[in-house]
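Structure first, commentary second.
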Amino acid sequence: MSIKNKEKYAIPVMAFTAGTIVANVYYSQPILKNIAETLNEPETVVGKVAMLAQIGYGVGMFFLLPLGDKVNRKNLIITIAFIQMIILLLMTNTEHLSSLLVLSFLVGVCSTPAQIILPMAALLNKDNRGKSVGIVFSGILCGILGSRLISGTLTDLWGWQSVFALSAIMIALSIVLMWFFLPNAPIKFKGNYFKLLQSTLCLVKEYKTLRQAALLGSFTFGIFCSFWTTLTFHLSDAPFNYTPSMIGMFAIVAIGGALVAPYFGKLADGGKIFQNLFLTISLIIVSLVAMLIFPHSILVLIIAIFLLDIGVQATQITNFTRIYALNEEAHSRLNTVYMTAYFVGAGIGTFFGLISWNIGGWTGSLTQMLIWSFLAMGVVVLSKKGKL
């Protein structure tokens, strides 16, 4: 196959691979009850499976993601993906909770390639950096959201072990595709591993744009995680009383929003950074206000989910476009800083979402998210004026 044809398929392959890999962090969340029943363990204890996958993902992003600037990215991604495939096969045969907890943590660590792939997309076509990053990021979001649908369906059909068996097969396919289509990016960083981590922290001080994007990203992803955590409670209560599988269907709406979001990457490529951010944060605010006014309307909820997801994902794509333009030799380290802030926001958002739900139910949760969205808008305003 010619080099031109390889480049043509590289971005779709990256999107598919990144989504396939990162989905493994989230597969366990909707099926914890089934795992608990099979292993004859309390649900509260089995819940650590999902928690450790997230922790492992965070550990991998801090310690492995910077390596994308030091070693051959293609080889690094394929090696970690191969290890993840082996771990997934082990998960299909485990009969003990302790083993499953350890394997879940390792699966999270080995999901890091999804974030190593993302900055690679920014290097392929600098004129369309936002569009390329947007497509790959949409693949990641489709993996996160689609994991809920896939794991629930497969568990109902063949048991929870089948989820990880199919994922291992998908990872094997991804490895083959990556071998043929991923480019070999030049290595720019020559220092040792400890200097690599030190230089990662120095980027925070060096780039104001990185600080702005990281803060905005943490706010918006915190809203996203807070929303999806409390939405489950809202839809399972009266007057809806939806089952878990029915609630999972709402992820389809969010996937639609993730597929629309790359359009904003094109706008970012044209230099419309702050116009983008004003619009995307406004979409988040409008969606939250609509749900506050019509808390029991399914039609409003579907439209609001669509707008909210576009707003959150388009904000992240615009942020990625900004930070990847800062220093091409430090893309993985820039991503490390951004994604660390991103997942800190996720944890804070989930924490305050649960507290708000306990205090004020759905209205309290939406009000709390609206406060975060106004703070996010404040970050955009201050960034544009150069005061942040």
**Request:** Please go through segment 188-220 and pick out each residue that is assigned to a helix (DSSP H, G or I) and under 21 Å from Leu123 (Cα atoms).
**Result:** Leu196, Ser199, Thr200, Leu203, Thr209, Leu210, Ala213, Ala214
**Asked** Which of (1) more than 15 Å from the chain's Cα centre (by Cα); (2) at pLDDT below 90 does Gln115 not meet, given it meets every other one?
**Response** (1)
**So Tyr57, is it of a type in the set (Ser, Thr, Tyr) and not in a helix (DSSP H, G or I)** = no
**Complete:** Checking Ala36, Ala53 in turn, the sole residue that is without any contact (Cβ under 8 Å) to a residue 24 or more places away in the chain and surrounded by 15 or more Cβ atoms within 10 Å (Cβ to Cβ) turns out to be Ala36
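Scan Ser147, Ser132 and give me the residue that is within 22 Å of the chain's Cα centre (by Cα), in a helix (DSSP H, G or I), in contact (Cβ under 8 Å) with a residue 60 or more places away in the chain and closer than 30 Å to Lys385 by Cα.
Checking each option against the conditions leaves just Ser132.
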**Message:** Residues to consider are Ile86, Ile77; find the one that is surrounded by fewer than 24 Cβ atoms within 10 Å (Cβ to Cβ), of a type outside the set (Phe, Trp, Tyr) and part of a helix (DSSP H, G or I).
**Reply:** Ile86
**Message:** Looking only at segment 182-221, how many residues end up being modelled with pLDDT of 90 or more, more than 22 Å from the chain's Cα centre (by Cα) and of a type in the set (Phe, Trp, Tyr)?
**Reply:** 1
**Asked** Which is crowded, with 20+ Cβ neighbours inside 10 Å, out of contact with any Asp or Glu (no Cβ under 9 Å at 6 or more places or on another chain), more than 23 Å from Val71 (Cβ to Cβ) and of a type outside the set (Gly, Ala, Ser), of Val133, Val102, Val163, Val109?
**Response** Val163
**Qualifying residue in segment 325-337 (condition: open to solvent by 40 Å² or more (accessible area, probe 1.4 Å), β-branched (Val, Ile, Thr), part of a helix (DSSP H, G or I) and within 23 Å of Ser383 (Cα to Cα))** = no
**Message:** From the list Leu308, Leu354, Leu366, Leu283, exactly one residue is without any contact (Cβ under 8 Å) to a residue 40 or more places away in the chain and either surrounded by fewer than 16 Cβ atoms within 10 Å (Cβ to Cβ) or assigned to a helix (DSSP H, G or I) (or both). Which is it?
**Reply:** Leu283
**Message:** For the structure I just gave you, tell me whether Asp127 is closer than 27 Å to Val312 by Cβ, open to solvent by 40 Å² or more (accessible area, probe 1.4 Å), in contact (Cβ under 8 Å) with a residue 24 or more places away in the chain and acidic (Asp, Glu).
**Reply:** yes
**Complete:** Those residues of segment 163-185 which are in contact (Cβ under 8 Å) with a residue 40 or more places away in the chain and either within 14 Å of Tyr27 (Cβ to Cβ) or of a type in the set (Phe, Trp, Tyr) (or both) amount to Val163, Phe164, Ala165, Ser167, Ala168, Met170, Ile171, Trp179, Phe180, Phe181
**Asked** open to solvent by 10 Å² or more (accessible area, probe 1.4 Å), within 17 Å of the chain's Cα centre (by Cα) and of a type outside the set (S, T, N, Q): does that describe Ile252?
**Response** yes
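The values are calculated or read from the model by the stated rules, or taken from the named source; none is laboratory data. What you are looking at is a predicted structure, and each value in this text was computed from that prediction instead of being measured. Positions of Cβ are generated from backbone atoms using ideal geometry, with glycine treated the same way; all protein chains shown enter the neighbour counts. Heads up: the accessible areas ignore ligands, DNA and RNA and are worked out on the full protein's heavy atoms, side chains in. Shrake-Rupley method; radii C 1.70, N 1.55, O 1.52, S 1.80 Å.
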